[in-house]
């Protein structure tokens, strides 16, 4: 059974040298939706490093290893003791000369096909493969990737059982061997986090899109549990795949990797009206809001170029008046239980 308190709330991720709680999410470096050149990828990593970024996340899934290759090369100059690098397990890459160049929303991927594997042997191989692709001797964090019902449907109960009985125990063994510092889940789903935490301990979570200015589904049960158990949270998808970055006025606004429904578009329009009334940029509010929760340690920005990264650094530091947060709460756009950032 899990412990009442898993660990202290000691930091598991590194802020930038400026003290900003932001890291670089490297899915775009695997050519998510569109190709990024090696030169563009290197320039992005170089700028993030120059801005003091020290936390980086990738996965074998991102371009069939392309993201890991690029990140490993980009981080070579940085002392391993001065960075946090995470990758994921759950998919193995098998070489295939006939593999499609475009797979799983990634374009021009490396010549592999993916196979789900949450077994102990598969997890160990995945970690060792990632270390080789990145040229590292140790990973600071390893997440079990996409093990929820949104990916596995009716097979979810069997996947959950294998994650709890094989994948996570094997990661603990790798942790004891010194190849991993911390372990957790990397998912887009709240329920799988609750299901796993009901049966075992985790150190960290990478949760994408489920605690944002729009989607508060992690607030009631999961985030309080993480605070109680000392599970530190890194948030991905704080722009909900685009809607909170571009606003509701774009031709095809995206929410959770798909065209946004009328519900999310209308809610975004209401938030945008409050932003306009208070002179607040939507992206600034989206970046700063989730960081106010005590369980959340860092946001991971999936930037695809240097302009996106620089924009996020600017918006993370933009002053937001307390009246803005009060107005959102008064209109029911953020829950009463949601902490809000302190105004300068």
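State which residue is farthest from the chain's Cα centre (by Cα) when the search covers only region 294-312 and only residues that are buried (at least 22 other Cβ atoms within 10 Å of the Cβ) and over 20 Å from residue 247 (Cβ atoms).
In this case the residue turns out to be 295.
Rundown of residues vs (1) touching a strand residue (DSSP E or B) at 6+ places or on another chain (Cβ under 8 Å); (2) part of a strand (DSSP E or B); (3) closer than 19 Å to residue 168 by Cβ, yes/no style:
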{"site": "94", "(1), (2), (3)": "yes, yes, no"}
{"site": "99", "(1), (2), (3)": "yes, no, no"}
{"site": "115", "(1), (2), (3)": "yes, yes, no"}
{"site": "123", "(1), (2), (3)": "yes, no, yes"}
{"site": "128", "(1), (2), (3)": "no, no, yes"}
{"site": "133", "(1), (2), (3)": "no, no, no"}
{"site": "141", "(1), (2), (3)": "yes, yes, yes"}
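Hey, could you check region 174-196 for residues that are out of contact with any strand residue (DSSP E or B) (no Cβ under 9 Å at 6 or more places or on another chain) and in contact (Cβ under 8 Å) with a residue 24 or more places away in the chain and say which is nearest to residue 243 (Cα to Cα)?
Ranking the qualifying residues of region 174-196, first place goes to 191.
Give region 72-88 a look and list any residue that's in a helix (DSSP H, G or I) and over 20 Å from residue 62 (Cβ atoms), or say none.
If the condition is that a residue be in a helix (DSSP H, G or I) and over 20 Å from residue 62 (Cβ atoms), then 80, 81, 82 are the ones that fit.
How many residues, within region 171-207, are surrounded by fewer than 20 Cβ atoms within 10 Å (Cβ to Cβ) and in a strand (DSSP E or B)?
1
Here are some residues: 64, 6. Which one is in a loop (DSSP other than H, G, I, E, B), within 27 Å of residue 90 (Cα to Cα), touching a helix residue (DSSP H, G or I) at 6+ places or on another chain (Cβ under 8 Å) and at pLDDT below 95?
Unique residue meeting the criteria: 6.
Which of (1) at pLDDT below 95; (2) within 21 Å of the chain's Cα centre (by Cα) does residue 152 not meet, given it meets every other one?
(1)
Kindly indicate whether any position in region 208-226 is free of Cβ contacts under 8 Å to residues at least 60 places away in the same chain, out of contact with any helix residue (DSSP H, G or I) (no Cβ under 6 Å at 6 or more places or on another chain), crowded, with 22+ Cβ neighbours inside 10 Å and not in a helix (DSSP H, G or I).
Checked region 208-226: at least one residue is free of Cβ contacts under 8 Å to residues at least 60 places away in the same chain, out of contact with any helix residue (DSSP H, G or I) (no Cβ under 6 Å at 6 or more places or on another chain), crowded, with 22+ Cβ neighbours inside 10 Å and not in a helix (DSSP H, G or I).
Across region 227-277, what is the total count of residues that are assigned to a strand (DSSP E or B) and in contact (Cβ under 8 Å) with a residue 24 or more places away in the chain?
Looking only at that region, the number is 6.
The values are calculated or read from the model by the stated rules, or taken from the named source; none is laboratory data. Just so you know, these numbers come straight off a predicted model, no measurement behind them. Quick reminder, even Gly has a Cβ in these numbers, built from the backbone with ideal geometry, and neighbours come from all protein chains shown.
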